[in-house]
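Novice: Here it is, the structure, as structure tokens.
Values in this text are rule-based calculations from the coordinates and carry no lab data. Here the structure is a predicted model, which means the values were calculated and not measured. Cβ placement follows ideal geometry from the backbone for every residue including glycine, while neighbour counts extend to all protein chains displayed.
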Amino acid sequence: MLFQRGDRVRWFYRVLGGEVHLLRRQPDGAAFILQRAGAGDVLAEASVSSRAYHCAAEAVTTSELMVWPIAQVRRMIENDRAAAAGYAQHLAANLRSARMRGEILSLRRVSDRLDAWLAWHDGQLPQKGQVARLAHDINVSAEALYREIARRRKQ
């Protein structure tokens, strides 16, 4: 556990390896995953402008993180135009991805969700072994996604 919801923001994290989830616990104990951060991802970017974390962060695999004091990161964004521009670009890319994912999840059929995902990813299916993660990302069963991919290969 890196931090709990309500903890004071002290650190800024980048995942170098492994996987860390940002999650919100529901009253029944179930976890709602807000982010699946993997290698190269920044964790809880919104914490830069918050006093306390709005969710929890939990390493779900052995993970390696780069950590900076949040005060240092805030000063850099405030005083360094290049850092501020880079941070803004990062946030914009994440916003585009979140909007695309929301649009994909609004579609009813597996085939439509896959078409939308492929359009966002230049028509390229994920590497072997990553299809189950894609199924999770577009909120369909892995079996239904495998059937749809197989159907397309037969055409």
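Novice: For segment 47-108, state which GluC sites (Glu not before Pro) are in a DSSP loop and have at most 13 other beta carbons lying within 10 Å of their beta carbon. Provide the component values of the computation, followed by the final result.
Specialist: Numbers: sites: E58, E64, E78, E103; in loops: none.
Sites meeting the loop and neighbour criteria: none at all.
Novice: Enter the angle in degrees (range 0 to 90, nearest 10) between the Cα long axis of helix 142-154 and the first principal axis of the Cα atoms of the chain, meaning the one along which they spread out most.
Specialist: Rounded to the nearest ten degrees, it is 50.
Novice: Sticking with this structure for a sec: With +1 on each Lys and Arg Cβ and -1 on each Asp and Glu Cβ, and nothing else charged, work out how big the dipole of segment 33-153 is about its Cα centre, in Debye to the nearest 20.
Specialist: Working: 17 positive and 13 negative charges, 73 e Å.
In total the dipole reaches around 360 debye.
Novice: Quick one: order M1, M76 by neighbouring beta-carbon count within 10 Å, fewest to most.
Specialist: Numbers: M1 8, M76 16.
Least to most surrounded, the residues fall as M1, M76.
Novice: Now for a separate question. Taking R0 as 22 Å, what FRET efficiency do you get between R51 and R75 from their Cβ-Cβ distance, rounded to the nearest 0.05?
Specialist: Details: r = 16 Å, r/R0 = 0.73.
Taking R0 as 22 Å, the efficiency between R51 and R75 is 0.85.
Novice: Further question on the same structure: By average Cβ neighbour count within 10 Å, what is the ranking of 96-102, 110-116, 21-27 from highest down? Before the final figure, lay out each step's value.
Specialist: Details: 96-102: 11.9, 110-116: 18.1, 21-27: 14.6.
Highest to lowest by the protection proxy: 110-116, 21-27, 96-102.
Novice: Next question, about the same structure. Provide the FRET efficiency to the nearest 0.05 for the T62-R152 pair, computing r from the beta carbons and using R0 = 35 Å.
Specialist: Values: r = 36 Å, r/R0 = 1.03.
That gives a FRET efficiency of 0.45.
Novice: Quick check for you: which residues of segment 121-155 have the amide N under 14 Å from the point 7 Å beyond the Cα of R99 toward its beta carbon?
Specialist: Backbone N within reach: none found.
Novice: Let me check against my output: what whole-number percent is the relative contact order of segment 1-76, with C-alpha pairs under 8 Å and at least 6 apart? Before the final figure, lay out the partial values.
Specialist: Details: 165 pairs, mean separation 36.0, N = 76.
Relative contact order here is 47 percent.
Novice: If contacts are Cα pairs under 8 angstrom and at least 6 residues apart, what is the relative contact order of segment 19-58 in percent?
Specialist: Values: 48 pairs, mean separation 19.2, N = 40.
After rounding, I find 48 percent.
Novice: How high is the relative contact order of the chain, in percent, counting Cα pairs under 8 Å that sit 6 or more residues apart?
Specialist: 21 percent
Novice: Picking from Q4, S50, L114, whose Cα lies most toward the positive end of the charge dipole for the chain (charges on Cβ: Lys, Arg +1; Asp, Glu -1)?
Specialist: L114
Novice: Applying 1/(1 + (r/R0)^6) with R0 = 22 Å to the Cβ-Cβ distance of Q26 and R133, what FRET efficiency is obtained, to the nearest 0.05? Could you put the intermediate results ahead of the total?
Specialist: Details: r = 23 Å, r/R0 = 1.03.
E(calc), rounded to 0.05, equals 0.45.
Novice: Show me, for segment 77-90, the HN-Hα J-couplings you get by feeding each phi into the Karplus relation (A = 6.51, B = -1.76, C = 1.60, θ = phi - 60°), rounded to Hz, glycine and proline as x.
Specialist: With the stated coefficients, segment 77-90 comes to 5, 6, 10, 10, 4, 5, 5, 5, 5, x, 5, 4, 5, 4 Hz.
Novice: Which angle from 0 to 90°, rounded to the nearest 10, does the C-alpha axis of helix 110-120 make with the longest principal axis of the chain?
Specialist: Value to nearest ten degrees: 50.
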